[in-house]
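This report refers to the structure that appears directly beneath it.
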Ligand SMILES: *[C@@H]1O[C@H](CO)[C@@H](O)[C@H](O)[C@H]1NC(C)=O
Ligand SMILES: *[C@@H]1O[C@H](CO)[C@@H](O)[C@H](O)[C@H]1NC(C)=O
Ligand SMILES: *[C@@H]1O[C@H](CO)[C@@H](O)[C@H](O)[C@H]1NC(C)=O
Ligand SMILES: *[C@@H]1O[C@H](CO)[C@@H](O)[C@H](O)[C@H]1NC(C)=O
């Protein structure tokens, strides 16, 4: 981890100035207290609604797409394997894949270092439900070979970052230690980790993460956590990732949680509606249609850009649900130490709906182009909703802080019940991503 070089090497210039990196990590709070608190502030901000949006977004529909079934491990050849349903089975030590300190994971996700006393959450393996399927363990050499010379980009909210950091750790932790890497860019405010980039020189591979929690262009809270709400422009994409879209060979879109926030949605200068901001007297637009529009627009950009999307793989990750079971500041709000058992817990309604929308949009994008096998851009689904929803035990919880009980047990303490510990269940997302990238190429 030596010196930091500019993000835009190889002549890729950003079209926008860097976002402000401020504030603590984002936590989705179901209590709704945030929007109650903001009502007063919002009224004074009315004049800021849908300020003129300059950005226009070019979309050229790609000629051909290919949507293929994900297949299982090499021993199982081309037989189709579905990893989206299954159960967690105990396998001691299976998930102790790396040391999070050595790969510099975000402090609040370094559960082992932070003193989490139980380590049983690292003893589970995802077993797909489909007969004869087994999800192979992560293989760093195979992953790097599959993306040799390529740029792997994660675009979205802090779950995109969580998965990007997992991938870097998995690639860097190879037992042969033959894949050194370095951080080649980080945003000026290192605690936020909104725009980071790593290089793996042995395979000329770049991994990067782009903060764009709505995928679309947004102002307000997502840029500055002290703001009461977001304003999102569903007619244009977030500048920084869309400016770099042509450089991406593998683009993983992973988002969802910010759509629960109080937000004004605009189309240019026209207000389409609001979510959780009734005092503005606009139509309540909800979260599903903006989420769908953002995913759709993002896929379009990626299949239709630059080189015509040739050889690009677009991966749409479904939502990874949070597990706040009590008040957000109750120290036991996510204190479970084991996964849910098969049949113990269904995917919650809202998460199920977002999952369905992501799948529909990815499938529709693939179908529009015929999928005749001569595809230029592949659009795939990384369906992690079920496996993630069964892991209430995999979050940092109060161990987002170092040694949280060093001075006794406080009555109130913030927990992270959204991101996953590193190592942790999010590593499984990348095991499935590897299968997506290596099958039917
Ligand atoms: C992880 O690595 C750090 C730094 O090398 C080391 O101090 C720590 O003991 C390691 N933790 C474990 C659990 O091995
Ligand atoms: C590394 O990959 C980039 C494309 O991502 C390519 O332009 C460049 O020539 C490659 N460099 C080497 C040394 O292979
Ligand atoms: C925004 O307005 C344009 C022009 O009227 C229209 O074509 C487009 O569908 C609208 N987009 C959304 C998300 O409403
Ligand atoms: C919204 O409507 C209510 C009831 O008609 C009105 O009292 C209030 O001033 C309106 N608020 C705004 C921001 O226009």
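The values are calculated or read from the model by the stated rules, or taken from the named source; none is laboratory data. What you see is a predicted model; the values in this text were computed from it and never measured. Note that each Cβ is placed from the backbone with ideal geometry, even for glycine, and that neighbours are counted across all protein chains shown.
Summary table
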item	result
Within segment 335-376, considering residues that are within 20 Å of residue 396 (Cβ to Cβ) and modelled with pLDDT of 95 or more, the one surrounded by the most Cβ atoms within 10 Å (Cβ to Cβ)	339
Condition met for residue 192 (away from ligand 1 (no atom under 16 Å from the Cβ), surrounded by 21 or more Cβ atoms within 10 Å (Cβ to Cβ) and either at pLDDT below 95 or part of a loop (DSSP other than H, G, I, E, B) (or both))	yes
Residue ID - farthest from the chain's Cα centre (by Cα), chosen from residues in segment 206-228 that are more than 16 Å from ligand 3 (Cβ to nearest atom), buried (at least 22 other Cβ atoms within 10 Å of the Cβ) and farther than 30 Å from residue 172 by Cα	221
Failed item in (1) within 16 Å of ligand 2 (Cβ to nearest atom); (2) at positive phi, with residue 205 passing the rest	(2)
Unique match (being within 14 Å of ligand 1 (Cβ to nearest atom), touching a residue at least 60 places away in the same chain (Cβ under 8 Å) and more than 18 Å from residue 169 (Cβ to Cβ)) among 115, 120	115
Residue in segment 210-227 that is part of a loop (DSSP other than H, G, I, E, B), at pLDDT 95 or above and within 16 Å of residue 167 (Cα to Cα) present	no
Filter result for the condition that a residue is in a loop (DSSP other than H, G, I, E, B) and either free of Cβ contacts under 8 Å to residues at least 60 places away in the same chain or within 22 Å of residue 297 (Cβ to Cβ) (or both), over 357, 319	319
Any hit, segment 294-315, residues being within 16 Å of ligand 4 (Cβ to nearest atom) and outside any helix (DSSP H, G or I)	no
Which listed residue, of 135, 144, 183, 170, is touching a residue at least 60 places away in the same chain (Cβ under 8 Å), part of a helix (DSSP H, G or I) and over 19 Å from the mean Cα position of the chain (by Cα)	144
Answer from 162, 110 - the residue that is closer than 29 Å to residue 240 by Cα and either within 16 Å of ligand 1 (Cβ to nearest atom) or without any contact (Cβ under 8 Å) to a residue 24 or more places away in the chain (or both)	110
Scope segment 140-177; condition at pLDDT 95 or above and on the phi > 0 side of the Ramachandran plot; matching residues	149, 156
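Each row is one residue, and each column tells you yes or no for (1) within 16 Å of ligand 1 (Cβ to nearest atom); (2) within 20 Å of residue 186 (Cα to Cα); (3) surrounded by fewer than 24 Cβ atoms within 10 Å (Cβ to Cβ).
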| site | (1), (2), (3) |
| --- | --- |
| 235 | no, no, yes |
| 240 | no, yes, yes |
| 243 | no, yes, yes |
| 248 | no, yes, no |
| 256 | no, no, no |
| 263 | no, no, no |
| 270 | no, no, yes |
| 273 | no, no, yes |
